[in-house]
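Asker: Below you will find the structure I want to go over with you.
The values are calculated or read from the model by the stated rules, or taken from the named source; none is laboratory data. Note that the structure is a prediction, hence the values are computed from the model and not measured. So basically every Cβ, Gly included, is an ideal-geometry build from the backbone, and we count neighbours across all protein chains shown.
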2 protein chains.
Amino acid sequence: MLESTHIQALTQIVGKDNCHTDKAHLLAYCYDATRERYEPDAIVYPRDEAEVSAILRYCNTHKITIVPRGAGSGFTGGALPSSGGVVLSLEKHFNAILEIDEKNLIARVQPGVVNKIFQNEVEKRGLFYPPDPASQDYSTLGGNVSENAGGMRAAKYGITKDYVLALRAVLPNGDIIRAGKKTIKDVAGYNIAGILIASEGTLAVITELTLKLIPKPKHKRSAMGVFASIEDAMNAVYRSMASGITPVAMEFLDQLSIQAVEERFHKGLPKDAGAILITQVDGDLPEVLESDLSLLQARFMENGCTKFVVAKDSKEEEDLWFARRNVSQSITIYGKKKLNEDITVPRSRLPELLTRIQEMSEKYGFKIPCFGHTGDGNVHTNVMVPNPEDKDELARGYACIEEIFAIAVELEGTLSGEHGIGLSKAPFMHLAFTQEEMNLFKAIKRAFDPNNILNPGKMGL
Amino acid sequence: MLESTHIQALTQIVGKDNCHTDKAHLLAYCYDATRERYEPDAIVYPRDEAEVSAILRYCNTHKITIVPRGAGSGFTGGALPSSGGVVLSLEKHFNAILEIDEKNLIARVQPGVVNKIFQNEVEKRGLFYPPDPASQDYSTLGGNVSENAGGMRAAKYGITKDYVLALRAVLPNGDIIRAGKKTIKDVAGYNIAGILIASEGTLAVITELTLKLIPKPKHKRSAMGVFASIEDAMNAVYRSMASGITPVAMEFLDQLSIQAVEERFHKGLPKDAGAILITQVDGDLPEVLESDLSLLQARFMENGCTKFVVAKDSKEEEDLWFARRNVSQSITIYGKKKLNEDITVPRSRLPELLTRIQEMSEKYGFKIPCFGHTGDGNVHTNVMVPNPEDKDELARGYACIEEIFAIAVELEGTLSGEHGIGLSKAPFMHLAFTQEEMNLFKAIKRAFDPNNILNPGKMGL
């Protein structure tokens, strides 16, 4: 519990309409997409950067925990106030698009801007902001940067970090800093923006972002390849991309995922297929898209594709992507609790990864539907636990997940391609990092935040 | 001077053939491309990562300065042993290409591999490593990463940091760490690779790099646009790129640069032009290149281009790029000492930047030929000092450079687009960074290197 003098001090900074300790507010900020719950002691909505600075300076002096928060849509608990303290929400007063600079293909935004709103605004001007996490309709750009969010278009266009040119942030001691410039190149000083990206709100509170935009491609087309086996599909992915084609997206659904979507939405997907690949190409000239599609078809067919369907119009295109976008909610038919991970491996290791996940499914007796961004080796792996209220069963689910993490690392992969570590993957950091590496993380954390006030306990730190 | 017990200890680590203190060796490692000279006390050539670790651990215990060095081709003194101590050279035993993984479009290399040798090896396999600093024929990939080198192809393909997926490094205390994974996405833990890039050898010694490759485009074509004035040329640059064309390169030479190249090489460039733009487009389909070239021509013509010449064959293409590649050595006709900087601004500020550099030329009475990578706003600005032995004249040269740095920062630009800070720009850090920002840099430096043994005195730290 936070002493009332602290509440008064915070209220003085942000005004009484922007500091709350009532139950309704505390409940509204106690959760994220993990569905874990931790109640904070207070919520503050700073109105500007100076107030963020004043809050941090005050909390640093009094060693009060601060948890920065965007939309709270993260999958690993990064925005959860797991040690109580003050939630610093940027959603209310930091949601302005400050500038869309069409001369330089650059935008300046506040961190609380919702990803999709930003995408729509830049697309009106013929520009393009590619990072498209599944949460794009509600997640914020500040949250995207703090987790280094990916998305379907990463296969061609990269991830959030590839679009952050510069930022403003407030350090735990209240110091306001800028990092990077409104230029494509900048090698003066340490790459502070680079270390803040994916730091999960543990090092600083981002107050402004300068983002790179690109010209919006004039045309796009989508296609689906049907495969008898998951191995064939995974071979088709890496061999297509190794042959020199770079599709915008190269997504897959395994058999369980296909069947779940069909059961729920009846979109006419091939329920007996081992896997499908859904892919998209884009460009300014129709000839380029034709060429890429025919090359993709050839590579797919060489690797056991039984059917290659190109969407003929926007309706067919929409149907294809509907299946992909709705798979996550559909697979809940397999179990009440979804232990959902986003391991990533080099693309050529995908066939082995999927085979070994299948072995884990048999070993532990859980269904493990998989889908995701195979174009960059990122597989959303969902261990479905039918009766999570049974503690033994749930423990077996976690043991299964831990073994899958170890397999990913063994295949030269990572614990997380886009969701981050937060709380939920913190127990597995030892699988991926040595003691020396953890020591370095801790030294960096101390350099920014010697009093450990900012989002403590996350990332296993 | 290093005590002989230290020399013996280092010799014991690397063997007597790999530790040198004779005058010839010390002289060979006292310089870089700045032509400043600082003699080290010893040179060591570690044979493997374990030896790098042993050297650092020993030097850390005994607080001995270590300066990591690749080819010593930097423009800002980053590899100079300005406080004496031990030069740790990676050129002799760290020059292997360890793996070119064609399945995943990824390579693993040691840091002493020369950029161009690596480019050639991957291109033999139909792959492409775009970063092409002007020093590519002799600079090493480790040096490129430590300075975050750019190059001509950055306009389309980005810079070194965009190609570093992972690395191995040794910390000042001797700890060996890995950072990043052999995957396109990895958000587990802090982005250590991101902070080591451009850290100029002040935080760790890189011992291995995992680099992203892309498919090599099948075709490329080049063209030159001639402009009556530099302002017209700069407007053409940013308006072309804002209109949605992304050429591989968009380079410029101003009138002084054109005239210098002509005087030396007689390539038939237009000596009375205010500026020329040399540009290149690439792609897999000839139609794309045709389309891009005609769009570029249209944008150029709208902005005062008086002549647009497309290279008809590889000979004409080679001639165009010859002029660009040889401008740096040609402009030495304007003065014995070249105060050479690489300021970078948002592209739309290029017209104003070039106008104001011209004003500085008139104010200080120096010729200031400019050329460079306008496609990303990066202008190589050369204050030519005819009589540097005249101390007043040289001081005026530095005053002029300082004023130009301040103009770049005022135009939302940076002190350095690709050369780094090192020693030569350290006095100007206060123009670009606040005390709070410098404090943060120093805290990060301390987190990695509490005894300040690694490349001390660089970057104004």
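Asker: In region B:48-81, how many residues are surrounded by fewer than 19 Cβ atoms within 10 Å (Cβ to Cβ) and not hydrophobic (A, V, I, L, M, F, W, C)?
Answerer: Of the residues in region B:48-81, 7 are surrounded by fewer than 19 Cβ atoms within 10 Å (Cβ to Cβ) and not hydrophobic (A, V, I, L, M, F, W, C).
Asker: Out of region A:406-428, which residues are within 10 Å of another protein chain (Cβ to nearest Cβ) and of a type outside the set (A, V, I, L, M)?
Answerer: Once the filter is applied, which keeps residues that are within 10 Å of another protein chain (Cβ to nearest Cβ) and of a type outside the set (A, V, I, L, M), region A:406-428 yields A:E412, A:G413, A:T414, A:S416, A:G417, A:E418, A:H419, A:G420, A:K425, A:F428.
Asker: Being outside the structural domain of B:K182 (by the TED database) and among the hydrophobic types (A, V, I, L, M, F, W, C) narrows it down to one residue among B:V67, B:V122; which is it?
Answerer: Result: B:V67 is the single residue among B:V67, B:V122 that is outside the structural domain of B:K182 (by the TED database) and among the hydrophobic types (A, V, I, L, M, F, W, C).
Asker: Would you mind stating whether B:E437 is closer than 27 Å to A:A166 by Cβ, charged (D, E, K, R) and within 14 Å of chain A (Cβ to nearest Cβ)?
Answerer: yes
Asker: Let me ask another. Across region A:153-198, what is the number of residues that are free of Cβ contacts under 8 Å to residues at least 40 places away in the same chain, more than 8 Å from chain B (Cβ to nearest Cβ) and among the β-branched types (V, I, T)?
Answerer: Qualifying residue count, region A:153-198: 1.
Asker: Sticking with this structure for a sec: Could you check how many residues of region B:382-430 are outside the structural domain of B:S361 (by the TED database) and among the basic types (K, R)?
Answerer: 1
Quick grid of which residues meet (1) under 30 Å from B:R69 (Cβ atoms); (2) surrounded by fewer than 19 Cβ atoms within 10 Å (Cβ to Cβ):
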site	(1), (2)
B:E352	no, yes
B:S361	no, no
B:D390	no, yes
B:A408	yes, no
B:L411	no, no
B:E418	yes, no
B:N439	yes, yes
B:D449	yes, no
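Asker: Still on this structure: Looking only at region B:272-284, decide whether some residue is over 28 Å from the mean Cα position of the chain (by Cα), under 30 Å from B:D101 (Cα atoms) and within 14 Å of chain A (Cβ to nearest Cβ).
Answerer: Yes, some residue in region B:272-284 is over 28 Å from the mean Cα position of the chain (by Cα), under 30 Å from B:D101 (Cα atoms) and within 14 Å of chain A (Cβ to nearest Cβ).
Asker: Could you please tell me which pairs satisfy a Cβ distance under 9 Å, a separation of 6+ or placement on different chains, a first residue in region A:103-120 that is within 13 Å of A:Y163 (Cβ to Cβ) and within 11 Å of chain B (Cβ to nearest Cβ), and a second residue that is among the hydroxyl-bearing types (S, T, Y) and not in a loop (DSSP other than H, G, I, E, B)?
Answerer: Cβ pairs passing all conditions: A:I106/A:T210; A:R108/A:T210.
Asker: Further, regarding this structure: Can you tell me which residues in region B:310-320 are out of contact with any Ser or Thr (no Cβ under 6 Å at 6 or more places or on another chain) and either at pLDDT below 95 or surrounded by fewer than 15 Cβ atoms within 10 Å (Cβ to Cβ) (or both)?
Answerer: Matches in region B:310-320: B:K312, B:D313, B:S314, B:K315, B:E316, B:E318, B:D319.
Asker: Suppose the filter is over 21 Å from A:V237 (Cα atoms), assigned to a helix (DSSP H, G or I) and either more than 9 Å from chain B (Cβ to nearest Cβ) or of a type in the set (G, A, S) (or both); does A:L431 pass it?
Answerer: yes
Asker: If a residue must be over 26 Å from A:Q136 (Cβ atoms), of a type in the set (S, T, Y) and within 19 Å of the chain's Cα centre (by Cα), how many such residues does region A:413-436 contain?
Answerer: Qualifying residue count for the region: 0.
Asker: Just checking, does region A:78-93 include any residue being within 14 Å of chain B (Cβ to nearest Cβ), part of a strand (DSSP E or B), in contact with a Ser or Thr (Cβ under 8 Å, 6 or more places away or on another chain) and not polar (S, T, N, Q)?
Answerer: no
Asker: Tell me, which residue of region B:137-152 that is of a type in the set (A, V, I, L, M) and more than 19 Å from B:M459 (Cα to Cα) is nearest to the other protein chains (Cβ to nearest Cβ)?
Answerer: B:M152
Asker: Then there is this: Scan region A:199-207 and tell me whether some residue there is within 7 Å of chain B (Cβ to nearest Cβ) and either free of Cβ contacts under 8 Å to residues at least 12 places away in the same chain or farther than 24 Å from B:G377 by Cβ (or both).
Answerer: Checked against the condition, which is being within 7 Å of chain B (Cβ to nearest Cβ) and either free of Cβ contacts under 8 Å to residues at least 12 places away in the same chain or farther than 24 Å from B:G377 by Cβ (or both), region A:199-207 yields at least one hit.
Asker: Please state which of the following conditions A:E418 fails to meet, knowing it meets all the rest: (1) modelled with pLDDT of 95 or more; (2) touching a helix residue (DSSP H, G or I) at 6+ places or on another chain (Cβ under 9 Å); (3) not basic (K, R).
Answerer: A:E418 satisfies every listed condition except (1).
Asker: May I pose another question? Out of all the residues in region B:378-388, is one or more crowded, with 24+ Cβ neighbours inside 10 Å, among the aliphatic types (A, V, I, L, M), within 14 Å of another protein chain (Cβ to nearest Cβ) and in contact with a helix residue (DSSP H, G or I) (Cβ under 9 Å, 6 or more places away or on another chain)?
Answerer: yes
Asker: Only one residue in A:Y31, A:Y38, A:Y58 is of a type outside the set (D, E) and more than 27 Å from A:N115 (Cα to Cα), so which one is that?
Answerer: Going through A:Y31, A:Y38, A:Y58 in turn, the sole match is A:Y58.
Asker: Hey, can you tell me all the residues within region B:18-40 that are assigned to a helix (DSSP H, G or I), touching a Lys or Arg at 6+ places or on another chain (Cβ under 9 Å) and surrounded by 15 or more Cβ atoms within 10 Å (Cβ to Cβ)?
Answerer: Across region B:18-40, the qualifying residue is only B:N18.
Asker: Does region B:121-136 hold any residues that are more than 12 Å from chain A (Cβ to nearest Cβ) and either within 22 Å of B:G78 (Cα to Cα) or not aromatic (F, W, Y) (or both), and which are they?
Answerer: Answer for region B:121-136, where residues must be more than 12 Å from chain A (Cβ to nearest Cβ) and either within 22 Å of B:G78 (Cα to Cα) or not aromatic (F, W, Y) (or both): B:E121, B:V122, B:E123, B:K124, B:P130, B:D132, B:A134, B:S135, B:Q136.
Asker: Filter region B:216-240 down to residues that are within 14 Å of chain A (Cβ to nearest Cβ) and more than 23 Å from the chain's Cα centre (by Cα) and give me whichever is nearest to B:L353 (Cα to Cα).
Answerer: The extreme case among them is B:N235.
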